[in-house]
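For reference, the structure is listed below as structure tokens.
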Amino acid sequence: MSKPGNKISRARIIVETAALILVVLLTKNDKLQLFFILFLAGIAVSLFAGRFFCGWICPMNTLFRVIDVVYKKLKIKRINPPKFLANKIVRLLFLLLFIASLVFIKVKGLHINMLLYVIMFSVLVTLFFKEEFWHRNLCPFGTILSFTSRRAGRSLRIDEELCISCGKCQKVCPSQSIGTLENNKRRNQPNECLLCFQCSDACPTDICNYDR
């Protein structure tokens with residue numbers, strides 16, 4: 001019998017593949033900006049249910065998954081970013097730069113698809129640096145959702161009483177939202193969690209669950 005997490009993963013793959021196809025079609029028809037409507041819906045959902053947009057819809061995360069599979073097969077290791085870049089100030093500055101760019105493009109009436117450039121930049125960054133660097137320090141969409149999901153009523157949680165401290169969930173987490181407690185148990189940080197359920201797939205005791 002397959003684990004519930006495996007069924008969730010299959011559903012996620014279908015949804016994220018459909019979302020990626022949508023991005024390709026919108027790009028082809030020069031209407032990629034319409035994708036912001038989905039992001040606004042993702043913000044609304046994050047207020048009470050967490051960052052499903054990141055784990056299920058975001059084209060960047062879908063492309064990262066492909067890169068991760070290829071790198072693992074080729075045994076290519078990515079590097080850690082410089083420490084001065086891995087802080088909250090850089091995260092906020094990048095968000096402000098993104099917003100300022102959107103305003104500038106709108107005011108000047110420029111025909112520039114900012115979202116497409118962000119996608120390409122994210123892929124470039126992730127080719128060299130570990131994936132969590134983009135999720136936690138650079139992604140403007142992720143930064144916004146990390147704020148809006150702070151008080152979400154539902155989230156993915158780890159049953160600390162049943163945790164066997166194997167760390168498998170932590171190893172597969174693309175955003176490194178899972179931390180280690182003093183007793184060596186693991187705990188998830190909901191507002192940084194992408195709700196990709198990779199931890200649920202990896203957990204041998206099936207204790208990484210979405211508020212069940």
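Read the figures in this text as sums done on the coordinates, not as results from a lab. Fair warning: this is a prediction, and the values are worked out from it, not measured in the lab.
Numbers below:
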item: Cα pair distances of the chain binned at 5 Å [whole percent]; result: 1, 7, 14, 18, 21, 18, 12, 6, 3, 1, 1, 0
item: Region 76-109-region 1-71 distance, computed between alpha-carbon centres (Å); result: 21 Å
item: Per-residue HN-Hα couplings for region 146-152 [Karplus 6.51, -1.76, 1.60; θ = phi - 60°; Hz; x = Gly/Pro]; result: 5, 7, 5, 9, 4, 10, 4
item: Spatially proximal lysines relative to Lys106 (Cα-Cα < 28 Å; intrachain offsets below 8 disregarded); result: Lys28, Lys31, Lys88
item: The chain, relative contact order [Cα under 8 Å, separation at least 6], %; result: 27 percent
item: Helix-only CD estimate at 222 nm, as mean residue ellipticity for the chain, using -39500 (n - 2.57) per DSSP H run (n ≥ 4); result: -17000 deg cm²/dmol
item: The chain: most fluctuating residue of Val172, Val123, Val90 per GNM, C-alpha cutoff 10 Å; result: Val90
item: Among Ala18, Ala86, Ala41: highest mean-square fluctuation, GNM of the chain, C-alpha pairs under 10 Å; result: Ala41
item: For region 93-107, 3J(HN,Hα) per residue [Karplus equation, 6.51 cos²θ - 1.76 cosθ + 1.60, θ = phi - 60°, Hz, x = Gly/Pro]; result: 5, 5, 5, 5, 5, 5, 5, 4, 5, 5, 5, 4, 4, 5, 5
item: Per residue Cα convex hull volume in Å³ - calculated over region 66-174; result: 155 Å³
